[in-house]
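Take a look at the structure below.
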Amino acid sequence: MNLILMAVISLGAIALISAAILYVASKKFAVYEDPRIAKVSEVLPQANCGGCGYPGCSGFADACVKADSLDGKFCPVGGQPIMAEVASILGLNAETAEPMIAVVRCNGTCEHRPRLNMYDGAKSCAIAASLYGGETGCSYGCLGCGDCVEVCAFDAIHMNPETGLPEVDEEKCTACNACVKACPKALIELRAKGKKSRRVYVSCMNKDKGALTRKSCDVGCIGCSKCVKACPFEAITVTSNLAYIDYDKCKSCRKCVEVCPQHTIIELNFPPRKPKEEVLETAPVAEA
């Protein structure tokens, strides 16, 4: 009986000592967390897409609380309304950011870019890109395996079975940047959504010289610089035989679209152009 009592007392003493040690350790090594982090995290959409540049919504909330201002910090999924709530919690001013959207910079459909071979490997753009240049003569074009579709958490991008190219749903796209990171050919770019969702951009990433580009794709950029000369706002530059339109400078005049001989420049959501009036020249009537 004495042995049992001694064992119970010993175990109780060990438990008390262990509890005291744990209490002291918890107080000494306690990590303080600002309660505002939890409040900001509750407001965020919890998509954990990484579009803000931080590892998840909790990381973004922590960065917002520790920062002196919200400049350069933006949640693409929640947009301006969510950032306004975050600003009200922290007592800061929310930066007004222009809405962005993912744009696929390749128009090399089956019609424009004929297939030269057939890929019979794993259905992955990353794997296909590491093995060879693609099924067509353009090594810069879309591989069509749909890695961008797989990583999109918002069901905002799908492969068109007729064209073999991915298409972005403007209503669902949150500019989370996941598809941009997933594309091994760097064909997807985040661009300003524009007023009334109207955008003008070069739908090509081919950097070959003009003659090679024409052979591989009917609508590839040949670097002729006609668009550069036509742009009155200096929004277009040509680097490595490839034109690029700066959306910050572009005023959507669409003069570049008219002069592009390859029809590489895309205009989205614009009203149809008015037909040009033909001027009929009347021949002078000879007097009798």
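Brief remarks follow.
- Summarising the amide proton neighbourhood of residue 175: residues at separation of 5 or more, or on other chains, whose placed amide H is nearer than 5 Å comprise 102.
- Computed from point charges on the beta carbon alone (+1 for Lys and Arg, -1 for Asp and Glu), the dipole magnitude for the chain about its Cα centre is near 480 Debye.
- Karplus (6.51, -1.76, 1.60) ³J(HN,Hα), θ = phi - 60°, over segment 96-105, in Hz, Gly and Pro reported as x: 7, 10, 6, x, 10, 8, 6, 10, 8, 8
- Relative contact order of the chain, pairs being alpha-carbon contacts under 8 Å that are 6 or more residues apart, as %: 14 percent
- Entries of 226/249; 185/255; 215/251; 229/274; 123/209 with Cα pairs more than 26 Å apart: 185/255; 215/251; 123/209
- Residues with amide H under 5 Å from that of residue 199, placed H, sequence gap 5 or more: 268
- Alpha-carbon centroids, segment 204-274 and segment 78-117: separation in whole Å: 22 Å
- Scanning the chain for long hydrophobic helices, with DSSP H runs required to stretch 30 angstrom or more by C-alpha along their axis and to average at least 0.5 on the Kyte-Doolittle scale, returns 2-28.
- Highest to lowest packing among 130-136, 11-17, scored as the average C-beta count within 10 Å: 130-136, 11-17
- Label of the coordinate-derived value, log10 I(q)/I(0) by the Debye sum over Cα atoms at q = 0.09, 0.10 Å⁻¹, listed as [x] -0.61, -0.70; [y] -0.48, -0.58; [z] -0.42, -0.52: [x]
- Candidates per trypsin sites (Lys or Arg not before Pro) in segment 188-220, loop by DSSP, up to 14 other Cβ within 10 Å: 198, 209
- Across segment 182-252, C-alpha contacts under 8 Å between residues 6 or more apart give a mean separation that, scaled by the residue count, equals a relative contact order of 29 percent.
- Of the trypsin sites (Lys or Arg not before Pro) in segment 43-124, those whose Cβ has at most 13 other Cβ within 10 Å and which sit in DSSP loop: 123
- Computed from point charges on the beta carbon alone (+1 for Lys and Arg, -1 for Asp and Glu), the dipole magnitude for segment 130-190 about its Cα centre is near 300 Debye.
Every number in this text was worked out from the coordinates using simple rules, so none of it is lab data. Given the structure is predicted, the values throughout are model-derived calculations rather than measurements. Don't worry about glycine lacking a Cβ; one is built from the backbone with ideal geometry, like all the others, and counts go over all protein chains shown.
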